[in-house]
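The values are calculated or read from the model by the stated rules, or taken from the named source; none is laboratory data. Everything quoted here is computed from the prediction, not taken from an experiment. When we count neighbours, we look across all protein chains shown, and the Cβ atoms used for this are built from the backbone with ideal geometry, even at glycine. Just the protein is used for accessible areas: all its heavy atoms, side chains included, with ligands, DNA and RNA removed. Shrake-Rupley method; radii C 1.70, N 1.55, O 1.52, S 1.80 Å.
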Number of protein chains: 2
Amino acid sequence: MIESTLVSVDVLALRFDPEARAVLLGIAPRALEPFAGELALPGVLLGKGERLRDAARRAVTGKLGVPEGAISASGQLTTFDEPSRDPRGPTLSIALWATVDATKLTDDGPAWTPLADVPPLAFDHDRIVRDCRPILAGHLWRDTAFTAGLLGREFTTAHALDVTESLTGDRPYPANLGRTMERVPGLERTTQHAAALPKGGRPPSVWRWTS
Amino acid sequence: MIESTLVSVDVLALRFDPEARAVLLGIAPRALEPFAGELALPGVLLGKGERLRDAARRAVTGKLGVPEGAISASGQLTTFDEPSRDPRGPTLSIALWATVDATKLTDDGPAWTPLADVPPLAFDHDRIVRDCRPILAGHLWRDTAFTAGLLGREFTTAHALDVTESLTGDRPYPANLGRTMERVPGLERTTQHAAALPKGGRPPSVWRWTS
DNA sequence: CCAAAAGTGTTCACCTTACACCCATGC
DNA sequence: GCATGGGTGTAAGGTGAACACTTTTGG
């Protein structure tokens, strides 16, 4: 019989920080060898019979110290299978995304780094982040769970602009993004307007999911 | 330490049959329990340190009896993680596609069934096929390895029409498909024309990859 | 009033879909 | 000639990007 490969689940834990006006990626220094002390994506070995989502939750709560209830959604990205990606031996890595609700975070949190500017990471995690960014960008506005997980039940056009810029790398015109959002099923522009930014400017519309 | 899950690789082996004018899916009766005798996708357990592509080759050659050299390309689809999908115990299934060059097939081959009309399969393989069909359709014309693997180095507009219909479920207008193909990088319309079909009709253009 | 930032309206380019019509073959 | 089926041309509708101009805020 063939000996089986180990499977790890590595998570791109994302949260939107309205202060920083950017999507942040959760990373944590590794506690153990290899790469002890170096920054890495939160990851765990998949347990027997464990679902990928559950392993992702376990990674995010365990390695990032995020409370269970703060994880708002998760989903699959791709699988990385280079046999040499882990010096301990061949390990498959299944990448998932998970969105974290910032309002439910405890303060002693881990390192959150702008997705657009991630420091060098352990293993092949740089590559994972690089390969997965376009996939994440493709989920925006198309995958409701992902979008709502990042932006929350209610958000402003300004937030949407910041999230889009973080994921795709460039900032759309507010006018065009508004029209894009009007075509997103389950999303509607409310009649409310948020407070303007400290620097002034017209207060943005508030958007809400209809579910 | 956590006991690891088993990983299997299940393959959607595809080939285009110009006679049948359809994309065919390779399936084979299972030799062993569970589901012995029932039809299933070719699949193997992933060996330690084995790459997904290599496991896919192994599944296609071993379970379908397709010669090694007939596999023209392969790639990743998605992962299925229901713990109950295999009665022997929790097994992860990573689905891959592989394209098979029909000209290199030995005749004693396995069952090839039209992708548009697959009989009931063992395990959750019906679901795998159902979930993966749209992903395959999305690869057409966008993923060169996939498209060239299916259609070969040289093919006619008529073949392209048949393949598109098999994958997406409806047949495009020849005119529009021709214009789509002209925009595919690395693909060009030659000045040649193939022989017409037995029933007559205008002979279609021949297309060729420029690489 | 000025700067900042979102919203409205409009235009242009492009892509997709659809179809009428033309052409090349087998019978 | 007739049926078959791909190719050419062309027009309508939708999508996206770009931008001038307006509106609403802070200072």
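Quick notes on this structure:
- In summary, the aspartates and glutamates within cross-link reach of A:K104, defined as a Cα separation below 17 angstrom excluding same-chain residues under 8 places away, comprise A:D17, A:E19, A:E68, A:E154.
- Note on B:78-85: average number of Cβ atoms from other chains within 10 Å of each residue's Cβ is 4.
- Of the GluC sites (Glu not before Pro) in the stretch A:1-97, those whose Cβ has at most 16 other Cβ within 10 Å and which sit in DSSP loop: A:E3, A:E19, A:E38
- GNM top mover of A:R153, A:R183, A:R21 - chain A, alpha-carbon springs below 10 Å: A:R183
- Only beta bridges with both residues in chain B are counted; by DSSP, about 75 percent of them are antiparallel.
- Net charge of neighbours whose Cβ lies under 9 Å from the Cβ of A:G43, counting Lys and Arg as +1 and Asp and Glu as -1: 0
- Residues in the stretch B:193-211 reached by a label modelled at B:N176 [backbone nitrogen below 15 Å; 7 Å Cα→Cβ]: none
- As a rough guide to protection, the peptides A:202-209, B:170-177 ranked by mean Cβ packing within 10 Å, highest first, stand as A:202-209, B:170-177.
- Taking the label point 7 Å along Cα→Cβ, B:P198 and its counterparts in the other copies are spaced 7.9 nm apart, in ascending order.
- Chain A: angle of helix A:157-168 to the longest principal axis, Cα-based, in degrees nearest 10: 30 degrees
- For the protein assembly as shown, the antiparallel share of DSSP beta bridges with both residues in that region comes to about 75%.
- Partners for A:K63 among aspartates and glutamates (Cα-Cα distance below 19 Å; same-chain residues under 8 apart left out): A:D10, A:E33, A:E38, A:E50, A:D54, A:D86, A:D101, A:D107, A:D108, A:D124, A:D126
- Cα gyration tensor shape for the stretch B:152-209, rounded if a/c is under 1.5, else prolate or oblate: oblate
- Integer Hz, Karplus 6.51/-1.76/1.60 couplings in order for the stretch A:95-100, x for Gly and Pro: 8, 10, 9, 9, 9, 10
- Backbone HN-Hα couplings from phi across the stretch B:131-142 [Karplus 6.51/-1.76/1.60, Hz, Gly and Pro as x]: 5, 8, 4, x, 5, 4, 4, x, 6, 4, 6, 9
- Amide H contacts of B:A13 (H built 1.01 Å from N, under 5 Å, at least 5 apart or other chain): B:G26, B:A98
- To the nearest 10, the accessible area of A:K63 is 100 Å² with a 1.4 Å probe.
- Protein heavy-atom accessible surface, 1.4 Å probe, per residue over the protein assembly as shown: 48 Å².
- Per-residue HN-Hα couplings for the stretch A:32-44 [Karplus 6.51, -1.76, 1.60; θ = phi - 60°; Hz; x = Gly/Pro]: 10, 5, x, 6, 3, x, 7, 6, 7, 5, x, x, 9
- For the chain pair A and B, buried accessible area totals roughly 2400 Å², probe 1.4 Å, rounded to the nearest 100.
- Choice from B:V11, B:V184, B:V129 showing the highest fluctuation, given a GNM over chain B with Cα pairs closer than 10 Å: B:V184
- Size-normalised alpha-carbon gyration radius of chain B, reference 2.2 N^0.38 Å: 1.08
- Across the stretch B:31-162, the mean sequence separation of Cα contacts (distance under 8 Å, 6 or more residues apart), normalised by length, yields a relative contact order of 24 percent.
- Between the stretch A:28-61 and the stretch A:148-211, the alpha-carbon center distance in angstrom: 33 Å
- Global form of the protein assembly as shown, assessed from the alpha-carbon gyration tensor, a/c cut-off 1.5: oblate
- Residue with peak Gaussian network fluctuation, chain B [Cα springs, cutoff 10 Å], from B:L151, B:L161, B:L25: B:L161
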